[in-house]
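The values are calculated or read from the model by the stated rules, or taken from the named source; none is laboratory data. On a predicted model such as this, the values are computed, not experimentally measured, just so you know. Here Cβ is always computed from backbone atoms with ideal geometry, including for glycine, and neighbour counts include all displayed protein chains.
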Amino acid sequence: MIPHVKTLSVVIPVYFEEAVLETFYRRVVEALAPLEAEFNLELVFVNDGSMDRSLEILLALRAQDTRVKVLHFSRNFGHQIAVTAGIDHASGDLVAIIDADLQDPPEVILEMIEHWRQGSKVVYGVRAERKGESPFKLVTAKVFYRLLGRLSEVKIPLDTGDFRLMDRIVVERLREMREESRYIRGMISWLGFKQ
Ligand code: UDP
Ligand code: MG
């Protein structure tokens with residue numbers, strides 16, 4: 001019997017990322033190459049109304065690589081809506097969310113998959129450092145996550161962006177949550193499962 005080849009979808013929200021998109025694409029494809037025997041790859045880029053060359057670059061990537069899917073918004077709807085659309089269009093047994101600006105190292109997805117193999121349904125990436133961010137952003141982000149932790153009944157891991165891997169079982173439950181005001185990392189924590 002031929003073993004069932006699973007699909008890994010990677011969802012990438014894109015807003016004015018023309019400078020890094022080609023590098024990002026190369027790096028993610030290289031990083032995930034070791035999975036080839038076991039997983040088909042699907043890259044779901046969501047252009048969140050960028051007015052730079054992002055769309056043009058994405059369409060060129062799609063023309064040369066059938067694993068690339070492109071969604072394009074009529075205007076900027078914001079990061080959380082872009083991620084939502086990407087998840088809605090991701091067909092994978094596993095779905096990863098990653099930023100396009102290479103602040104989330106794509107190689108870490110391999111480690112996330114190891115945790116998934118050991119039974120976790122959601123695996124988070126935690127930020128040890130944030131390269132290229134201003135001191136103001138670093139401090140406000142730190143304060144934000146700690147304040148949120150105090151205010152919220154749902155325990156959301158500190159210093160995580162949306163960089164995470166989810167099993168299809170979690171994706172399906174998340175997709176049922178159609179709240180208009182979305183904070184995806186909080187919603188995923190709220191869902192439960194082994195994280
Ligand atoms: N992004 C988006 N829409 C926006 C703002 C950002 O799709 O309105 C994308 C952006 O291109 C990046 C990710 O969302 O891939 C995270 O954005 P950013 O790097 O600005 O966030 P931070 O590093 O502060 O988490
Ligand atoms: Mg960033």
Legend entry - Looking only at region 117-137, and only at residues there that are within 14 Å of ligand 2 (Cβ to nearest atom) and without any contact (Cβ under 8 Å) to a residue 24 or more places away in the chain, the one that is surrounded by the most Cβ atoms within 10 Å (Cβ to Cβ): 133
Inset, instruction - For region 108-118, state whether one or more residues are at pLDDT 95 or above and within 12 Å of ligand 1 (Cβ to nearest atom). - result: no
Inset, instruction - Residue by residue through region 140-168, note down the ones that are more than 16 Å from residue 10 (Cα to Cα), among the aliphatic types (A, V, I, L, M) and either in contact with a helix residue (DSSP H, G or I) (Cβ under 8 Å, 6 or more places away or on another chain) or away from ligand 2 (no atom under 16 Å from the Cβ) (or both). - result: 143, 147, 148, 151, 154, 156, 158
Inset, instruction - Report whether or not residue 86 is buried (at least 17 other Cβ atoms within 10 Å of the Cβ) and closer than 18 Å to residue 185 by Cα. - result: yes
Inset, instruction - Would you be able to tell me the number of residues in region 102-116 that are within 16 Å of ligand 2 (Cβ to nearest atom) and either within 17 Å of residue 34 (Cα to Cα) or crowded, with 18+ Cβ neighbours inside 10 Å (or both)? - result: 4
Inset, instruction - Mind listing just one residue for me: the one in region 151-172 that is part of a helix (DSSP H, G or I) and touching a Leu at 6+ places or on another chain (Cβ under 9 Å) and, of those, nearest to residue 92 (Cα to Cα)? - result: 168
Legend entry - Filtered residues of region 38-55 (kept if out of contact with any Lys or Arg (no Cβ under 8 Å at 6 or more places or on another chain) and not small (Gly, Ala, Ser)): 46, 47, 48, 51, 52, 53, 55
Inset, instruction - Go through the residues of region 15-37 one by one and say whether even a single one is in contact with a Ser or Thr (Cβ under 7 Å, 6 or more places away or on another chain), buried (at least 17 other Cβ atoms within 10 Å of the Cβ) and assigned to a strand (DSSP E or B). - result: no
Inset, instruction - Tell me which of these residue 43 doesn't satisfy, since it passes every other one: (1) within 16 Å of ligand 1 (Cβ to nearest atom); (2) without any contact (Cβ under 8 Å) to a residue 24 or more places away in the chain; (3) under 17 Å from residue 13 (Cβ atoms). - result: (2)
Inset, instruction - Return yes or no: is residue 33 modelled with pLDDT under 95 and away from ligand 1 (no atom under 16 Å from the Cβ)? - result: no
Legend entry - region 48-58, residues that are surrounded by 15 or more Cβ atoms within 10 Å (Cβ to Cβ) and either in contact (Cβ under 8 Å) with a residue 40 or more places away in the chain or away from ligand 2 (no atom under 16 Å from the Cβ) (or both): 49, 54, 55, 57, 58
Legend entry - Enumeration of residues in region 2-26 that are touching a Lys or Arg at 6+ places or on another chain (Cβ under 6 Å) and without any contact (Cβ under 8 Å) to a residue 24 or more places away in the chain: none
Inset, instruction - Count, please, the residues in region 141-184 that happen to be touching a residue at least 40 places away in the same chain (Cβ under 8 Å) and either within 16 Å of ligand 1 (Cβ to nearest atom) or not aliphatic (A, V, I, L, M) (or both). - result: 10
